[in-house]
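The values are calculated or read from the model by the stated rules, or taken from the named source; none is laboratory data. It should be emphasised that the depicted structure is a prediction, and the values quoted were computed from it without experimental measurement. Note that we place each Cβ from the backbone using ideal geometry, even for glycine, and neighbour counts take in every protein chain shown. Just so you know, the surface numbers come from the protein's heavy atoms only, side chains and all, with ligands and any DNA or RNA stripped out. Shrake-Rupley method; radii C 1.70, N 1.55, O 1.52, S 1.80 Å.
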Amino acid sequence: MSRDKTLIVANWKMNLNVGEASLYLHQLAKLVKSHRDVEVVLAPTALALQSLSLQVNSRQFKLAAQNFYWRDHGAFTGEISATQLRGVVQYALVGHSERRHIFHDSDKDIRAKVQAAVRNHIKPILCIGETAFERSEGETSDILHDQLVGGLANVTSEELEHVVIAYEPVWAIGTGKNATPADVVMAARAIRRQIKHLYGAGASEAIAVLYGGSVTADSAADYLAITEVDGLLVGGASLNAHDFNEIIKKAHKGSGVAKV
Ligand code: PGA
């Protein structure tokens, strides 16, 4: 992923039905003024992906899957593959903390999903982050290291160009307790250091790193001002088109938010 664009991703989780998702898209399309420097990505329920892919102006918004299974096809009742998502979505979340902690996605599953996404020309947004306990034990950078190494094993330098990393501290997701910009700077630097170690300085500078965790229109600008941060992954505050548009507005280069 190149860093020329700020990436603003809405993760609706298990909210909004197909009709509501369609109405939201209609509203957001009217509100958002397209800018070349911002890429807006919507991750609705899997049920709505097909219909939204037909409704969306793909130059205005991209779509993302919230989850998928790593095999391409076969006897896997209830699952959706990256092969089936190909052409419908441009991005997919991988390793979101709710997948890791509620559904027990292991590093092995996550690695296989990153591979499956890349193999199917879908850009994986690899989510990593420490729990409150790990943070209190001073283990944040070890956790980021392990989740990066675990998720990216087998990813070549060429494939890495299509990967986005999202730093999402588990304690900040859906809690209203957002990380301070200083926390995010530290984590984003640790991520880039690790990428440098694995893939070299060029890759470390080129990779897009997002922040996610209780982002609102009020806090968005503080994170977007961080040089090491290239965008946001937004849950709760993305559920209303007007609120989400306020966040998108902060990402435009002309919005007054300057990188520090
Ligand atoms: P939140 O969710 O903004 O509601 O904390 C973020 C996420 O889970 O990606």
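Here are the numbers for this structure:
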item	result
Largest to smallest accessible area among E228, E161 [probe 1.4 Å]	E161, E228
Where Cα atoms sit under 19 Å apart: lysine pairs in region 6-254 separated by 8 or more or lying on different chains	16
Accessible area of K249 in the full protein assembly, 1.4 Å probe (Å², nearest 10)	90
Antiparallel %, DSSP beta bridges [both residues in the chain], to 5	0
Å² of accessible area per residue within the chain, as computed with a 1.4 Å probe and no ligands counted	46
Neighbour-limited loop hits for trypsin sites (Lys or Arg not before Pro), region 177-218 (at most 15 other Cβ within 10 Å; DSSP other than H, G, I, E, B)	K177
Net lengthening on full extension, H104/A221 (0.36 nm per residue, minus Cα-Cα)	38.8 nm
Residue of V41, V149, V215 that the Gaussian network model of the chain assigns the largest fluctuation, springs spanning Cα pairs under 10 Å	V149
Accessible surface of the chain, 1.4 Å probe, proportion on carbon and sulfur as whole %	52
Electrostatic dipole magnitude of region 6-254 [Cβ: Lys, Arg +1; Asp, Glu -1; Cα centre; debye, to 20]	720
Restricting region 53-154 to GluC sites (Glu not before Pro) in coil, as DSSP defines it, with at most 13 other Cβ within 10 Å	E137
Gyration tensor (Cα) of the chain, equivalent ellipsoid semi-axes in angstrom	24, 23, 17
